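Undergrad: Got a structure for you, questions after.
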Amino acid sequence: MRRKTFDALLTSAGLVLAIVMVAAGALLLWAHTFVDNQVHDQLAAQQIYFPKAGSDSLNDPAIKPYLTQYAGQQLVNGAQAEAYANHYIAVHIQSIGGGKTYAQLSAESIASPNDAKLAGEVQTVFRGETLRGMLLNAYAFWKMGQIAFVAAIAAFAAAGLLLILSVFGYAHLRRVPADAEVMPKLAGPTPATA
């Protein structure tokens, strides 16, 4: 195969791949923006606020290290949702149910149908676990959006590198002799001219 043809094919393939990477980066960036906006809008609509700085709610050692940074803020992103779900709601659910899960408390409540206090705890734990699950879903989608953003940056960087290599490839293509072979020893002897 002629060296010029081989170089042209590789350079063109690099250019096409750069275009594909730009398209992938654009789609990943769109995905990040869409997910980030959806999570923000859905969480903001719930009007959930972290306890204010200095409040008794933040004094619990199981809560303070995780929520102090968000004190008084409205919950509007995935990182906040994860902190609130795992280090505020979960701590309160543990204290309400004495460390028992909703399923365990529900089974006890079914076994003791006349225990109104236990029935109330079951309802409170159920509501807490439901909100916690919704917040953790928001966190998961937010995290996927963050991953899409990193992937978009990587795709744009790869596209830039491929574009630069393609430009160098086309510049090199002009300097390759027309009769040069990719692997001259495998090309065989050239026919004698008479």
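The values are calculated or read from the model by the stated rules, or taken from the named source; none is laboratory data. Small disclaimer: the values here were computed from a predicted structure and weren't measured. For neighbour counting, all protein chains shown are included, and Cβ atoms are generated from backbone atoms with ideal geometry for every residue, glycine included.
Undergrad: Among the residues of segment 108-138, how many are farther than 30 Å from ASP41 by Cβ and surrounded by 13 or more Cβ atoms within 10 Å (Cβ to Cβ)?
TA: The total comes to 7.
Undergrad: Sticking with this one: When you scan segment 59-104 for helices (runs of 4 or more DSSP H) that lie fully inside it, which ones turn up with 2 or more residues that are in contact (Cβ under 8 Å) with a residue 40 or more places away in the chain? Reasoning before the result, please.
TA: On the way: elements: 64-67, 78-84, 90-97.
Once the helices (runs of 4 or more DSSP H) in segment 59-104 are filtered for at least 2 residues that are in contact (Cβ under 8 Å) with a residue 40 or more places away in the chain, what remains is 78-84.
Undergrad: Same structure, new question: Only one residue in ALA157, ALA119 is in a helix (DSSP H, G or I), modelled with pLDDT of 95 or more and out of contact with any strand residue (DSSP E or B) (no Cβ under 9 Å at 6 or more places or on another chain), so which one is that?
TA: ALA157
Undergrad: How do the pairs read when you match residues in segment 33-46 that are closer than 15 Å to GLU82 by Cβ and free of Cβ contacts under 8 Å to residues at least 24 places away in the same chain with residues anywhere that are among the β-branched types (Val, Ile, Thr) and part of a helix (DSSP H, G or I), using Cβ under 6 Å and keeping only pairs 6 or more apart or on different chains?
TA: Going by the 6 Å Cβ cut-off, there are no qualifying pairs.
Undergrad: With respect to the numbered conditions (1) of a type in the set (A, V, I, L, M, F, W, C); (2) under 30 Å from ALA31 (Cα atoms); (3) free of Cβ contacts under 8 Å to residues at least 12 places away in the same chain, which one is the sole condition not fulfilled by LEU131?
TA: (3)
Undergrad: Can I ask one more? Condition first: surrounded by 15 or more Cβ atoms within 10 Å (Cβ to Cβ), assigned to a helix (DSSP H, G or I) and at pLDDT 95 or above. Now tell me which residues in segment 31-57 satisfy that.
TA: Hits for segment 31-57 are ALA31, HIS32, VAL35, ASP36, VAL39, HIS40, GLN42, LEU43.
Undergrad: Being buried (at least 18 other Cβ atoms within 10 Å of the Cβ), at pLDDT 95 or above, under 25 Å from ASP36 (Cβ atoms) and of a type outside the set (A, V, I, L, M, F, W, C) is the requirement here; does GLN74 meet it?
TA: Here the answer is no, as GLN74 does not meet what is asked.
Undergrad: With the checklist (1) out of contact with any His (no Cβ under 7 Å at 6 or more places or on another chain); (2) surrounded by 17 or more Cβ atoms within 10 Å (Cβ to Cβ); (3) not basic (Lys, Arg) in hand, flag the one item THR68 doesn't pass.
TA: (2)
Undergrad: Test ALA107 against the criterion of being more than 15 Å from LYS143 (Cα to Cα), touching a Lys or Arg at 6+ places or on another chain (Cβ under 9 Å) and not hydroxyl-bearing (Ser, Thr, Tyr), and give yes or no.
TA: When the stated conditions are applied, ALA107 does not pass them.
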